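The values are calculated or read from the model by the stated rules, or taken from the named source; none is laboratory data. Small disclaimer: the values here were computed from a predicted structure and weren't measured. So basically every Cβ, Gly included, is an ideal-geometry build from the backbone, and we count neighbours across all protein chains shown. Ligands, DNA and RNA are excluded from the accessible area calculation, which covers all protein heavy atoms including side chains. Shrake-Rupley method; radii C 1.70, N 1.55, O 1.52, S 1.80 Å.
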Amino acid sequence: MNDTHIVSGFDRDLESVQAHIMKMGGLVEQNILEAAKSLRERDEELSERVLKSDKAIDALEEVINEEASRIIALRAPAAVDLRVILSVMKIAGNLERIGDYAKNMAKRNSVLVHMTPVDGARSALGRMAREVQLMLKDALDAYIQRDVELAYEILDRDREIDQMYNALFREFLTFMMEDPRYITPCMHLHFIAKNTERMGDHVTAIAEQVIYLVTGSMPDESRIKEDNTSRDPEASVPNS
C-alpha cells in the first residue's frame, strides 16, 4: 500500500512538471510566430508583447527546474524515471534559449521598422520561423508520445532550416554589395536569420532528448550541419 502511495505521488509530480513543459512550449511557439509576424508587418506593439511574454517563459523554466530538483531530492528516482527528470530539465533549458532568440527577433524589429525595407526578406524569414515553430510542435508531440521515429525526422528537417539560412545569407550579401543603404538593415536581418537557424538547433536538441529518454542513449552519429557560412555557431547568441 505504501509503495502504491509513493508511486502515485511520483506520477503526480511528473504530470505536474510535464504540464509545465507543455505550457512553456506553447508560449515559445506563440512567441516565434508573433515575433515573425511583428517583423513581417513592421508591428512594434506586437514586438513589445513578445518581449513581455518572454518573462513568463523564463519564470516557467525556474518553476520546472525547482520542481525537478525537488523530485530528485524527495523521490530519488532511478533508471527511466531519472531519465525523465533529466530530460525535462534539458528540454526546459532549450525552450528558454529558443524564447531568447524569438525575443531578439522582436528587439531587432523595433530597429528595422525605421530602416530601408529589404524586398522579400521579411516574408522569407517568416517562412523560416514558421518551419521552426512546426518542428518545435512536433518535437513536443514526440516527447509526450515518446515517439522516437518522429524525433529522428525532426533531426533531418533541421537541414532544411540550415539551407534556408544559407540562401538568405547569400541574398543579404548581394543586397549589401549592390547598395550601401542596405548594409545596416541586412546586418540586422542576417542576425535574425542566424538566430532562427539556432532555434532549429535547439529544437533538434529537444528531439535528441526524446531519443535519449526512450532508448537510454543519444543518437549515434553527429548531425551534419548544412550551415556553411560560419564555423562559429554561437556567433549570434542574443543578449538575454
- Please go through the range 98-133 and pick out each residue that is hydroxyl-bearing (S, T, Y) and either within 17 Å of V28 (Cα to Cα) or touching an Asp or Glu at 6+ places or on another chain (Cβ under 9 Å) (or both). Y101, S110, T116
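Taking the range 58-87 on its own, how many of its residues are of a type outside the set (A, V, I, L, M), in a helix (DSSP H, G or I) and surrounded by 14 or more Cβ atoms within 10 Å (Cβ to Cβ)?
8
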- Item | Residue that is under 20 Å from A106 (Cα atoms), open to solvent by 30 Å² or more (accessible area, probe 1.4 Å) and of a type in the set (S, T, N, Q), where the choices are T184, T196 | T184
- Item | A76 being modelled with pLDDT of 95 or more and not aromatic (F, W, Y) | no
- In the range 118-131, residue surrounded by the most Cβ atoms within 10 Å (Cβ to Cβ) [restricted to those that are basic (K, R) and at pLDDT 95 or above]: R130
- Task: Return a yes/no flag: does the range 158-168 have any residue that is in contact with a Leu (Cβ under 6 Å, 6 or more places away or on another chain), part of a helix (DSSP H, G or I) and under 25 Å from E61 (Cβ atoms).
- Result: no
- From the list K55, K107, K90, K103, which residue is open to solvent by 10 Å² or more (accessible area, probe 1.4 Å), among the basic types (K, R) and under 20 Å from D138 (Cα atoms)? K90
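Could you tell me which residue of the range 201-234 is least open to solvent (accessible area, probe 1.4 Å), considering only residues that are within 15 Å of R97 (Cβ to Cβ) and at pLDDT below 60?
P233
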- Note on the structure: Quick count over the range 139-157, residues being open to solvent by 10 Å² or more (accessible area, probe 1.4 Å), assigned to a helix (DSSP H, G or I) and either touching a helix residue (DSSP H, G or I) at 6+ places or on another chain (Cβ under 6 Å) or within 15 Å of P219 (Cα to Cα) (or both), is 8
- Task: Tell me, yes or no, whether the range 21-30 has at least one residue that is open to solvent by 70 Å² or more (accessible area, probe 1.4 Å), of a type in the set (A, V, I, L, M, F, W, C) and over 30 Å from P185 (Cβ atoms).
- Result: no
- Query: Any residue at all in the range 110-117 that is in contact with a helix residue (DSSP H, G or I) (Cβ under 7 Å, 6 or more places away or on another chain), open to solvent by less than 10 Å² (accessible area, probe 1.4 Å), at pLDDT below 95 and over 24 Å from P219 (Cβ atoms)?
  - Reply: yes
